[in-house]
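Below is one structure, written out as structure tokens; comments come after it.
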Amino acid sequence: MSDLQIGLISLGVILILVLVCFNWWQDRRVRQRMQEHFPEADEDPLMGGLPVAAGRREPGIGPAAGADPAVDEVTEADPVCEAVIDVVFSHPVSGAELQQAVRAIQKAGEKPVRVLVEHEGGHTLRLREGNAYLSVQLAVLLANRSGALTDIEWSHLWTIAQDLAERFEGSVEGPEQPQVLQRAQALDELCASLDAQVGLALRLGGTRALGEVLQAVKDAGFVSYGSQLAWMSEAGVPRFILLFDGEPAADFQSEGVDRLDLLLDVPRSQPDEQAFSRMASVGRDLAARLGGTLVDDQAQPVLENADHAIDEKLHELYKNLEKAGFPAAEGRTARLFS
């Protein structure tokens, strides 16, 4: 074998190795992004043998299962969607003491609160008992589907911050209330202009046994996603969910079902140029399986010739969400539209 042949073979082997490493790296990036954005999904007793979709775990105080104890998740408050109150301690506070003090801090009224603790290199959501901390940030969501942050909710959070400061001999710093409420109102108005939920109903023509309906739903392709039944995208994000007589699967207690509802929550769903027609198609398939009638929110039969026009309107809304900085189905957007 000549030197040229040996060289070409060696070059080919190197190229193959580079390609394998690149594919591994790409796959790892995709998996990491999916884990960041999908809620944790567990099988619900109502679902029986339905397959379970993998999901995202929302970050919070305390070590993550399976996480490297030497690595902290460093993050920052969201300057667009959150208002922050800083509690600065006069001396380092142990992680064990601080964890006990902030464990119950989850909401101010109807607005979620994230607790960020100051550690080397920045703030983190992961509080570790063996570390010491000099400050805490209480980051409250400015708006969600309950409306804009109110003066009562802001005052509630301020009281929580003052209690922490008194407990650990600290000081409280934060923006003035009128400024915070003005930001909250502007964000709420923006989100209201971008929000949309589209529903279809499948009338079954009488009460059907829950087991029979669940089997048809499973055969149609729905999977359990946390406490919901969802039609999933290839990326592992729900396109739309299914309700029993208007109730989420986890809350449904009856042995019989009269109506199924399909709900497309635009800001929380995977962007799709055929969002409505896909849901309508699945609804028609379920109607054929169960002998029901698919109707819109005006109780009118869903006509196929209207699907495309609705798809175009929803696709425009997906684009508007992206332009506003709230891409559909991302974690930040899901928090705002919850």
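FYI, it's all coordinate maths here, none of it is from the lab. Keep in mind that this is a model prediction, so the values were computed, not measured. So basically every Cβ, Gly included, is an ideal-geometry build from the backbone, and we count neighbours across all protein chains shown.
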Determine the gain in length on full extension of the stretch residue 207-residue 298; use 0.36 nm per residue of separation and subtract their C-alpha separation, reporting nm with one decimal. 30.6 nm
What is the sum of charges around residue 156, taking Lys and Arg as +1, Asp and Glu as -1, for the other residues whose C-beta is under 12 Å from the C-beta of residue 156? -2
Extended-chain gain in nm, criterion 0.36 nm per residue less alpha-carbon gap, residue 97 and residue 196: 31.3 nm
A convex hull over the alpha carbons of segment 74-187 yields, per residue, a volume in Å³ of 90 Å³
Quote the FRET efficiency, to the nearest 0.05, computed for residue 234 versus residue 322 with a Förster distance R0 of 25 Å and r equal to the Cβ-Cβ distance. 0.85
For segment 263-338, take the convex hull of the Cα atoms, compute a quarter of its surface area, and give me that in nm², please. 5.6 nm²
Once both labels are modelled 7 Å past Cα along the beta-carbon direction, what's the residue 338-residue 163 spacing in nm? 2.1 nm
In segment 181-232, if every C-alpha pair distance is counted and binned at 10 Å from zero, what percent goes to each bin? 18, 31, 21, 18, 12, 0
Work out, step by step, the length gained on full extension between residue 215 and residue 288: first 0.36 nm times the residue separation, then minus their alpha carbon distance; give nm to one decimal. 24.9 nm
Packing-based ranking, highest mean first, of 206-217, 292-303, 257-268 given that Cβ atoms within 10 Å are counted: 257-268, 206-217, 292-303
In debye, nearest 20: dipole of segment 119-240 around its Cα centre with unit charges on the Cβ of K, R (+) and D, E (-)? 740 debye
Treat each spin label as a single point 7 Å out from the Cα along the C-beta direction, and report the residue 179 to residue 309 distance in nm. 4.9 nm
Per residue and in Å³, how big is the convex hull formed by the alpha-carbon atoms of segment 149-247? 210 Å³
Compute and list, largest first, the equivalent-ellipsoid semi-axes of segment 195-336 from the alpha carbon gyration tensor, each √(5λ) rounded to a whole angstrom. 26, 18, 12
